[in-house]
1. Can you list residues whose amide H is under 5 Å from B:ARG9's amide H, if they're 5+ apart or on another chain and H is modeled 1.01 Å from N?
2. Compute the label zone of A:ALA433 within the stretch A:181-209: residues whose backbone N is under 20 Å from the point 7 Å along Cα-to-Cβ.
3. For B:ARG37 and B:ASN133, compute 0.36 nm times the residue count separating them, minus their Cα-Cα distance, and round to one decimal in nm.
4. Keeping all protein chains in the complex and leaving out DNA, RNA and ligands, what accessible area do you get for A:ASP22 with a 1.4 Å probe, in Å² to the nearest 10?
5. Amide H neighbours of A:ASP83 under 5 Å, at least 5 residues apart or on other chains, H built in the peptide plane: list them.
6. Full-extension gain between A:ARG182 and A:LEU328, please, as 0.36 nm times their residue separation minus the C-alpha to C-alpha distance.
7. What order do you get for A:12-18, A:215-221 when each peptide is scored by the mean count of other beta carbon atoms within 10 Å, highest first?
8. Whose amide H sits under 5 Å from the amide H of B:PHE103, counting only residues 5 or more places off or on another chain, with H placed in the peptide plane?
Amino acid sequence: MDASSAAPEGAIDSLTGLLQRDALLAALRDAATPENGGGQPFALLALDLDRFKTVNDTLGHAVGDALLRAVGRRIRTAVRGGDLAGRIGGDEFAILMGHPAGEVAAQALAARLVELIGRPFLLDGHSVVIGASVGIALFPFDASEPEPLLRCADLALYQAKAEGRGDQRRFRPALRARAEARRQMESDLRAAIALGQFELHYQPHVELGSGRLAGFEALLRWRHPARGLVAPGEFVPLAEETGLILPIGEWVLRTACREAAGWSDPSLVVAVNVAAAQLARRELAAQVKSTLAATGLAPERLELEVTETALLHDVTTATATCQELRALGVRISLDDFGTGYSSLSRLRSFPLDRVKIDRSFVTGIATEAESAAIVRAVAALGSSLGLRTTAEGVETPSQLAELEQNGCTDAQGFLFSQPVPSARVEALINRIAADRQGPGDKEAIAA
Amino acid sequence: MSGMQPALRRVIYVSHTVTDPDEPIGPVLASILTAARRNNPRIGVTGALLYTARRFAQVLEGPPEAVEAIFETIQCDLRHDHVTVLEVSAPTVRAFADWSMAFVADAPVRAETLGEAGGAAELLAMLQAAIRNTEAATA
């Protein structure tokens, strides 16, 4: 018995031949309700296709539909008699495994589904390879009500996807706690802008040779009412996932420009990090322009830091946006160089003023020949392309000496100062000026 | 002109058998070939099957819809796994026009080279040569 023979005709999804969403959910309710003949242990699998959207986008909806049809056929091949399979969303499926269905049987079915759907499809002359991720929840152990059980299977599915796709995961209570914490953080994050919980801290960057303070990088901090000061690593990924990075990024830009406009030294540059999502939008240049106008900061004093990963999203838009920004007088620097998908051709083709060498290379510069060689090569490359090179994460005088010797033009790190709150920026400007021994022996800077 | 002829599709894939190594493969091959030779003439599909060192390699050619339908049926077969498509093409002539499903066993091709670039062309040439030899021997 398969899905189609067990269900009334109208309940079948015409594309895949599987149950429609409502029919599957009704069967799930019955299976969980003793009065309706249910209540026996059973397993629920949530299945999601990996890369389906890519196929739809690149080969068209007709091929996407043909793919769903074939996936339906493979799911029907994989399930046992008595199991009910349904399509509950665009490329989301659920399988209700009838009794007996313990963890072992559920995992065996999940493995069969992953294997079958992972095999090539031949569609309209294209060999298409997608994959499937599966989450498993068991009734009544994981949840004894239908909707919560489906949520358990979904949470396990998200976990499978988060851990690399093309695999299966069984629900664990820790997943629910994590999802709850995430939901809480998301709602806190939504409120944070309005409640004024974000603040910027500033870390100086210094010109090598002269020791002159060149400017500050603005770093986002979240002063959470219960958790204290939260580092960006803990909330920026969630902000990026939820799209909240856009209003947050706008706040950072506006605040950094306003605060920098008030600094006593009008030659200092403020560097602001720009997220991939901001860079992918054509309005970034207009937004920067109006922010500069509103805050009175000279364009030359603003530097926008982009990462290579952010450029990868849409190189064409990013290039156009950065060209517009540079036309305004704003400078562009490439952050974390050497970590992501580093490409030397990008240094040549992308409109840039500066490359920031990732701290991982700087840390070892005084002790490992390889790190020194990489820093030297990037500095030389930057120099011949007319770019400044800033070493990030400088912590010791010996690292500083090596960086100067290897041709870097600027440096940033705890050796000069930790990031400080806005209120302490003036004191830091004065301290760095006082630390400079006179005008300094102005070494020639490769530039 | 090729434009006057009906469109042809060819797909070449390799896979691993998942049958028990201690069980004879003969009955499995017999059932695959019997089904292919029964069904293929009706839908205009021709091709060749190779079995060597626990690997399958198969060439299917014919009307695009028929080839895609048969390929999908084969993908749902749990007797093999690790399926890799080596080639999807639109040839002007069939390589195995006279064969609903030719069979070659233990051919002189290293299993490892099958999945490499150029493996499809090598495989096709080898299968055609093997079948010509069989024809010559039985002529």
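1. Close amide H contacts, sequence-distant or interchain: B:GLY62.
2. Only A:202-209 pass the distance filter.
3. Residue separation times 0.36 nm, minus the Cα-Cα distance, leaves 32.5 nm.
4. A:ASP22 exposes around 110 Å² with every protein chain in place.
5. Residues meeting the criterion, in which the H sits 1.01 Å from N, are A:GLY98.
6. 48.6 nm
7. A:215-221, A:12-18
8. Amide H to amide H, under 5 Å and 5 or more residues apart or across chains, B:PHE103 pairs with B:LEU49.
The values are calculated or read from the model by the stated rules, or taken from the named source; none is laboratory data. On a predicted model such as this, the values are computed, not experimentally measured, just so you know. Note that each Cβ is placed from the backbone with ideal geometry, even for glycine, and that neighbours are counted across all protein chains shown. Keep in mind that these areas ignore ligands, DNA and RNA; they rest on the heavy atoms of the full protein, side chains included. Shrake-Rupley method; radii C 1.70, N 1.55, O 1.52, S 1.80 Å.
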